[in-house]
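**Q** My structure is below; once you've seen it, I'll send some questions.
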Amino acid sequence: MATANKKNQQVIKVIELFAGVGGFRLGLDKANHSSSPVRFETVWSNQWEPSTNIQHASIVYRNNFGDENHSNIDITEEVKSGKIKHHDMIVGGFPCQDYSVARTLSQSDGIEGKKGVLWWEIYKILEQKKNRSAKYLLLENVDRLLKSPISQRGRDFAIMLSCLNKLGYAVEWRIVNAADYGMPQRRRRIFILGYKKGTKIYKDIASRTGVFDQPKMKDWIMKDGLYAQAFPVNKKIASKTSSGRLDNNLNKISSFFNKDNKHGKNPFYKAGVMFDGIFYTSEVSPAPYNGKKSTLGDILDPLETIPKDYFVKKSDEQKWKKFKGSKNETRKTKDGFKYTYSEGAMIFPDQLDGPSRTIVTGEGGATPSRFKHAVKQGGKLRRLTPRELERLCMFPPDWTKLGGISDQKRAFFMGNALVVGVITRIGKVLLKRIS
């Protein structure tokens, strides 16, 4: 059960999985307010990177939050142990390199993912805890999750929804571009909220959408739901909608969901809600944002503080222009097959009066690149520093600065991170609805 602190605030105990450098925790901490009757408290975290010997992200996490209740071992081993600390809420941006096909186990109606697919570890935690499983889930991933794989558009997301339905959760989701709501980076991600049966929000969804009432489900997406309140949408635009009932048999979903879709149509749109196995989803657009808008120019450090190696050499400027320019060229595969490769030109240097482009994991290093940011400041062309990349993700400056961690690795962290302000906005609305 949730407990109260000295100020008589109800505490929502949070565990942060696939924690990276702590974006979820930081965002939820910022959502807390002394006047609220409820607050978040992270009681356990896990960060493990299997492809590296030195666990840089975990080191940064510990440097900012301390060692207590932080795990730096493979999450699959933690799940097997069954000793994960009791919690009310699970948060995390589960790895998105691959999505698994569910299959029936020989002894049960369980599921098993391909090696390294960590959605299933979340599922196993919920399954292990049974009636003491998390009341709330807040998960993040790349927006292509809604339409993977190519051969069965939407199948992987349908599996996840069906899993959560079987475990007693109502779900809403939304693709959010942080820049649409005044934040300094264009970064589109899907955010998934789950509410366990018996919670106040679950009951609210049930009372509004329990009988398959499409107008009420639409209202949840457009105005009543948590995402609609955290990230208002244009209520007059919902041009595309879809609905359906999910099969309880995960093996059937894996094998047959959207199997006969010859035109590659995706059944899931940017916003949606699922209750009792029935989903309703709609295309949405952000409402006009009238608040303060942060720009790329706002996050730049004074020119005189920028290290010399961040300035682009005159001899390299043409290389940068070439990478940023349009292309229409013939290329050849290893098998000798010729094809035409084309891409449009990018704005160069990056404009300072609007939000930045999405930071990618390859942002670091001095090598000219199409995807790295390059700004002109004081008439000089330069790359962005790790401090500036941190600000674009709304982390405090120097959050990842630590002896032994290179600037290139720090840039990689931000390419992997979420925009902290998105989590803060979701957290504030969630606390209000829990209260």
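**Q** Any residue in the range 204-211 that is of a type in the set (Lys, Arg) and surrounded by 15 or more Cβ atoms within 10 Å (Cβ to Cβ)?
**A** yes
**Q** Taking LEU167 as the residue in question, decide whether it is touching a residue at least 12 places away in the same chain (Cβ under 8 Å), within 16 Å of ASP88 (Cβ to Cβ) and among the hydrophobic types (A, V, I, L, M, F, W, C).
**A** yes
**Q** Is it true that GLU140 is in contact with a Lys or Arg (Cβ under 7 Å, 6 or more places away or on another chain), within 25 Å of ASP224 (Cβ to Cβ) and either at pLDDT 95 or above or in a helix (DSSP H, G or I) (or both)?
**A** For GLU140, the condition - in contact with a Lys or Arg (Cβ under 7 Å, 6 or more places away or on another chain), within 25 Å of ASP224 (Cβ to Cβ) and either at pLDDT 95 or above or in a helix (DSSP H, G or I) (or both) - is met.
**Q** Any idea which of ASP276, ASP247, ASP204 is assigned by TED's automatic domain parsing to the domain that holds ARG174 and under 21 Å from LYS432 (Cα atoms)?
**A** Step by step, each of ASP276, ASP247, ASP204 is checked, and only ASP204 is assigned by TED's automatic domain parsing to the domain that holds ARG174 and under 21 Å from LYS432 (Cα atoms).
**Q** Are any residues in the range 257-291 over 30 Å from TYR181 (Cα atoms) and without any contact (Cβ under 8 Å) to a residue 60 or more places away in the chain, and if so, which ones?
**A** Once the filter is applied, which keeps residues that are over 30 Å from TYR181 (Cα atoms) and without any contact (Cβ under 8 Å) to a residue 60 or more places away in the chain, the range 257-291 yields ASP260, LYS262, HIS263.
**Q** Of everything in the range 329-377 that's surrounded by fewer than 18 Cβ atoms within 10 Å (Cβ to Cβ), among the charged types (D, E, K, R) and touching a residue at least 40 places away in the same chain (Cβ under 8 Å), which residue is farthest from LYS319 (Cα to Cα)?
**A** Out of the qualifying residues, it is ASP353.
**Q** Here's another thing I want to ask about it. Return the only residue of LYS265, LYS240, LYS270 being within 30 Å of VAL420 (Cα to Cα), surrounded by fewer than 15 Cβ atoms within 10 Å (Cβ to Cβ), under 24 Å from the mean Cα position of the chain (by Cα) and of a type in the set (Lys, Arg).
**A** LYS240
**Q** Among ILE59, ILE54, which is of a type in the set (A, V, I, L, M, F, W, C) and either assigned to a helix (DSSP H, G or I) or outside the structural domain of LEU430 (by TED's automatic domain parsing) (or both)?
**A** Selected residue: ILE59, the only one of ILE59, ILE54 that is of a type in the set (A, V, I, L, M, F, W, C) and either assigned to a helix (DSSP H, G or I) or outside the structural domain of LEU430 (by TED's automatic domain parsing) (or both).
**Q** Report, by residue number, each residue of the range 291-308 that is surrounded by 12 or more Cβ atoms within 10 Å (Cβ to Cβ) and either over 15 Å from LEU389 (Cα atoms) or acidic (Asp, Glu) (or both).
**A** Within the range 291-308, LYS293, ASP298, ASP301, LEU303 meet the criteria.
The values are calculated or read from the model by the stated rules, or taken from the named source; none is laboratory data. Owing to the predicted nature of the structure, the values given are computational and were not obtained by experimental measurement. All Cβ positions, even for glycine, are placed from backbone atoms using ideal geometry, and neighbour counts span all protein chains on display.
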